[in-house]
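Okay, so here's the structure we're looking at.
The values are calculated or read from the model by the stated rules, or taken from the named source; none is laboratory data. Predicted, not measured: the structure shown is a model, and the values here were computed from it. FYI the Cβ positions are ideal-geometry reconstructions off the backbone, even for glycines, and counts take in every protein chain you see. In case anyone asks, the SASA skips ligands and DNA or RNA and just uses the protein heavy atoms, side chains included. Shrake-Rupley method; radii C 1.70, N 1.55, O 1.52, S 1.80 Å.
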Amino acid sequence: MQERGNVLRIFQETKKAVSTGDSAAIKNLSNQTNNTAALTQDPDNIAAAVIVYALSKIIERQDYQGLPGWKKFYEAYISCIDKIIISVEKRDDESYREHIKMLRKAIENLSGNLKQYIQDVFRKASINRASKLYEHGLSMEITSRLLGV
């Protein structure tokens with residue numbers, strides 16, 4: 001993982017912003033990570049950018065909070081962020097990557113409209129972050145390879 005300190009800061013500040021429901025601050029943190037990802041072309045930074053951006057969109061849409069499964073999903077998401085922070089602090093890149101995967105798997109455990117909505121948010125988050133990487137000068141080939149879009 002490159003720019004470990006930046007990834008740690010992003011997730012720590014994201015956790016604080018989540019507690020206040022500040023989706024704009026979370027989105028800004030994702031943009032900061034995306035800038036670093038564009039410079040380093042580091043998949044770990046790119047994963048952080050997508051996860052944080054998706055979270056900003058999820059928090060922004062308060063109507064999700066009334067859907068069945070929201071509370072369990074939200075708790076799993078926050079728990080994974082805590083574990084990501086610990087993994088980065090311990091310099092345990094494999095654990096970091098596993099917790100990133102766990103966040104995505106939390107979506108698979110959802111049902112109904114909430115599952116569809118959040119899957120859509122992640123898909124759009126990947127596309128949005130890819131667009132930003134391309135704007136920073138990465139080729140389409142590199143951008144698509146790094147994000148899998």
Which entries in Lys27/Lys115; Lys15/Lys115; Lys27/Lys124; Lys57/Lys83; Lys57/Lys90 show an alpha-carbon gap greater than 19 Å?
Lys27/Lys115; Lys15/Lys115; Lys57/Lys83; Lys57/Lys90
Counting only protein chains, not ligands or nucleic acids, how are Met102, Met1 ordered by accessible area (probe 1.4 Å), most first?
Met102, Met1
The farthest towards the positive end of the charge dipole of the stretch 1-77, of the residues Thr36, Ala49, Ser19, given +1 on Cβ of Lys and Arg and -1 on Cβ of Asp and Glu, is Ser19
From the protein chains alone at 1.4 Å, what is the descending order of accessible area for Lys83, Lys105, Lys71, largest first?
Lys71, Lys105, Lys83
Can you tell me the orientation of helix 23-40 relative to the chain, as the angle in degrees between its alpha-carbon axis and the longest Cα principal axis, to the nearest 10?
30
Taking Cα atoms, how many degrees apart are the long axis of helix 43-60 and the longest axis of the chain, rounded to 10 and kept between 0 and 90?
30
Output the 0 to 90 degree angle, nearest 10, between the alpha-carbon long axis of helix 93-108 and the longest principal axis computed from the alpha carbons of the chain.
40
As a test of the formula, what do you get for the chain when each DSSP H run with n ≥ 4 contributes -39,500 (n - 2.57) and the sum is divided by the residue count, at 222 nm and rounded to the nearest 500 deg cm²/dmol?
-27500 deg cm²/dmol
Hey, if we sort Arg104, Arg9 by accessible area with the 1.4 Å probe, largest down, what's the order?
Arg104, Arg9
First compute the accessible area of the chain with a 1.4 Å probe, then give the percent of it belonging to carbon and sulfur atoms.
48
Add +1 for every Lys or Arg and -1 for every Asp or Glu among the other residues with Cβ under 12 Å from the Cβ of Asp22, and state the total.
+1
Accessible surface of Glu60 in the full protein assembly, 1.4 angstrom probe, to the nearest 10 Å²?
90
Rg(Cα) of the stretch 63-109 divided by 2.2 N^0.38 Å?
1.26
Taking the solvent-accessible surface of protein heavy atoms with a 1.4 Å probe, what is the per residue accessible area of the stretch 1-113 in Å²?
49
Considering every Cα-Cα pair within the stretch 4-93, what fraction, in whole percent, is farther apart than 15 Å?
57
